[in-house]
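K.L.:
Questions regarding the structure given below will be posed in turn.
The values are calculated or read from the model by the stated rules, or taken from the named source; none is laboratory data. None of the values given here were measured: they were computed from a predicted structure. As a convention, Cβ positions derive from the backbone with ideal geometry for all residues, glycine included, and neighbour counts pool all protein chains shown.
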Amino acid sequence: MDAATANPPLTVLGIETSCDETAAAVVRDGPAGPEILSSVVLGQADLHAAYGGVVPEIAARAHAERVDHAVEAALARSGAGLATLDAVAVTAGPGLIGGVLAGVMAAKGIAAAAGLPLVGVNHLAGHALTPRLTEGLAFPYLMLLVSGGHCQFLRVEGPGGFRRLGGTIDDAPGEAFDKVARLLGLTQPGGPAVERAAATGDPARFAFPRPLMDRPGCDLSFSGLKTAVLRARDSLATARGGITAADRADLCAGFEAAVADVLAAKAARALAAAGPVAAFAAAGGVAANARLRARLAEAAAGAGVRFVAPPLALCTDNGAMIAWAGIERLRAGGRDGWDLPARPRWPLDALSAPLYGGGRRGAKA
Ligand code: KG4
Ligand code: ZN
C-alpha cells in the first residue's frame, strides 16, 4: 500500500446514481489498506428493457425512489452506523442529470442530518481510481475506461490529476456491442451475447474496418464499424434471404476482433505516449471481454508494463468506487459545500481538447 495508509482511518459512504444503477457502499481505509464493508447495486435493466436503451426520465424516477433503500442496505450490511462515518461521497457528474440530482440531494440530506462532510466525486474519477482500491496501484498509471458510456485513455497522476491521451469521437464500444447485438437479433446487454456468439465464429471471414488506424494518436471511432456489420448482414440477407447461425457467429467474431484490434493498437500508442507508468489498467463493462482483455494484456507486455483489471463487479458502476474516490479526495484536503452542483458534463481533464462524442450518455469529456 502507499502513503495513504499512514493517515488516520476513514470510513466513507459512497452514492452512485449517474446512469442505470442505484448504488451505495461503505468503504473503510485503515492501516491494513482499504476494505469494502458493503456494496449494494440496484440495477434498472428490467425498467428499460422494453425501450432498447436507458430512458432518462425512468432512470431519474427510479433513482429518486431507490437511493434511500440502497443507502439503508449499505449501512446495515456494513455494520457501520451513520455515527461511524467520516464523510458522504456522491457522484456529482457526469451523467444523466435527473439521476445525478437524485444522488446529490440524497447525499446532502444525509450529510446535513448527520453533521458529516460532503464530497462530490467525478464518476470517471471513480472508475479511474478503482485500481488503487483493488490493487493498491501507485501513481502514475495508464487507464483505459471502456464501457457503454465511456471510452478513453487516461494517465492517472493523482487523486485529481488526469491527463486524457485519447478517446472515442463517436460511440462508446459497449454501445457498438449493444447495437450489433440488436442488428443480429441477440439479447441485451449485447456485449456478453456477442461474445458468446463470436466464440464459434471465424474472425477473418468479414474484413471489417479498423477505424482511425491511419490517424496518429489514440482517438477511436466505433460507429462506422457498426454500420459495416449492418451492411454485411444486409448483403447476406439479400443474397440468401436471411442469415444463418454460422453467419451470425462470423459477424460477431469479425466485429469483436476489429474492436479488440483497434483498442490494442491504440493502447500500445497510449503506453508509448504516457511515459513511465506503474501499470496499465482497464475498467468498464467491455473490459469483461476475454478477447479484448488478452489483447490489452499483450499490449502491456509489449511495453514492459503490468496489466491489471479490477474484478468485474468493481469495473461496472458501483458505490464503492465513489466512496474510495471520496476518500482519496478527503486525503488530499478536498470537500464540498451545500452548493455542490449536479453536472451533466464534467471532463476529467479540462486541459485537453474536447472529444466530439462520448457514448450514449452524450458528450462527456
Ligand atoms: O460499465 P458498464 O456496466 O456500464 C456503463 O456503460 O457505464 O458497461 C456496460 C457495457 C454494455 O454496453 C455491455 O454490452 C458491455 O459493457 N459489455 C461487454 C461485455 N460485458 C458487458 N462488451 C463486450 N464483451 C463483454 N463480455
Ligand atoms: Zn460508469
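K.L.:
Taking the range 291-316 as the region of interest, how many residues are assigned to a helix (DSSP H, G or I) and over 17 Å from V262 (Cβ atoms)?
P.N.:
Within the range 291-316, the first condition is being assigned to a helix (DSSP H, G or I), and the residues that meet it are 291-302, 312-315.
Checking which are over 17 Å from V262 (Cβ atoms) leaves us with 301, 312-315.
Number of matching residues: 5.
K.L.:
Take G160 and decide whether it is in contact (Cβ under 8 Å) with a residue 24 or more places away in the chain and within 15 Å of ligand 2 (Cβ to nearest atom). Don't jump to the end; show me each part of the working.
P.N.:
Details: in contact (Cβ under 8 Å) with a residue 24 or more places away in the chain: yes; within 15 Å of ligand 2 (Cβ to nearest atom): no.
So G160 fails the test.
K.L.:
Considering only residues that are within 16 Å of ligand 1 (Cβ to nearest atom) and in a loop (DSSP other than H, G, I, E, B), look in the range 157-177 and name the one that is surrounded by the fewest Cβ atoms within 10 Å (Cβ to Cβ).
P.N.:
D170
K.L.:
Separate question: Pull up the range 187-198, narrow it to residues that are touching a residue at least 12 places away in the same chain (Cβ under 8 Å) and more than 16 Å from ligand 2 (Cβ to nearest atom), then point me to the one that is surrounded by the most Cβ atoms within 10 Å (Cβ to Cβ). Explain how you work it out, then say what you get.
P.N.:
Step one: filter the range 187-198 for residues touching a residue at least 12 places away in the same chain (Cβ under 8 Å), giving 188-195, 197-198.
Remaining after also requiring more than 16 Å from ligand 2 (Cβ to nearest atom): 188, 190, 192-195, 197-198.
Numbers: Q188: 16, G190: 23, P192: 16, A193: 20, V194: 30, E195: 20, A197: 23, A198: 23.
The qualifying residue surrounded by the most Cβ atoms within 10 Å (Cβ to Cβ) is V194.
K.L.:
When L154 is evaluated against the numbered criteria (1) within 16 Å of ligand 2 (Cβ to nearest atom); (2) in contact with a Lys or Arg (Cβ under 8 Å, 6 or more places away or on another chain); (3) farther than 18 Å from G275 by Cβ; (4) not polar (S, T, N, Q), which criterion, by number, is the only one it fails?
P.N.:
(3)
K.L.:
Now for a different question. Yes or no: A342 modelled with pLDDT under 90, on the phi < 0 side of the Ramachandran plot and not in a helix (DSSP H, G or I)? Give the derivation first.
P.N.:
Working: modelled with pLDDT under 90: no; on the phi < 0 side of the Ramachandran plot: yes; not in a helix (DSSP H, G or I): yes.
In short, no.
K.L.:
Does A114 qualify as being assigned by TED's automatic domain parsing to the domain that holds I327 and either in contact with a His (Cβ under 7 Å, 6 or more places away or on another chain) or under 20 Å from N318 (Cβ atoms) (or both)?
P.N.:
Values: assigned by TED's automatic domain parsing to the domain that holds I327: yes; either in contact with a His (Cβ under 7 Å, 6 or more places away or on another chain) or under 20 Å from N318 (Cβ atoms) (or both): no.
When the stated conditions are applied, A114 does not pass them.
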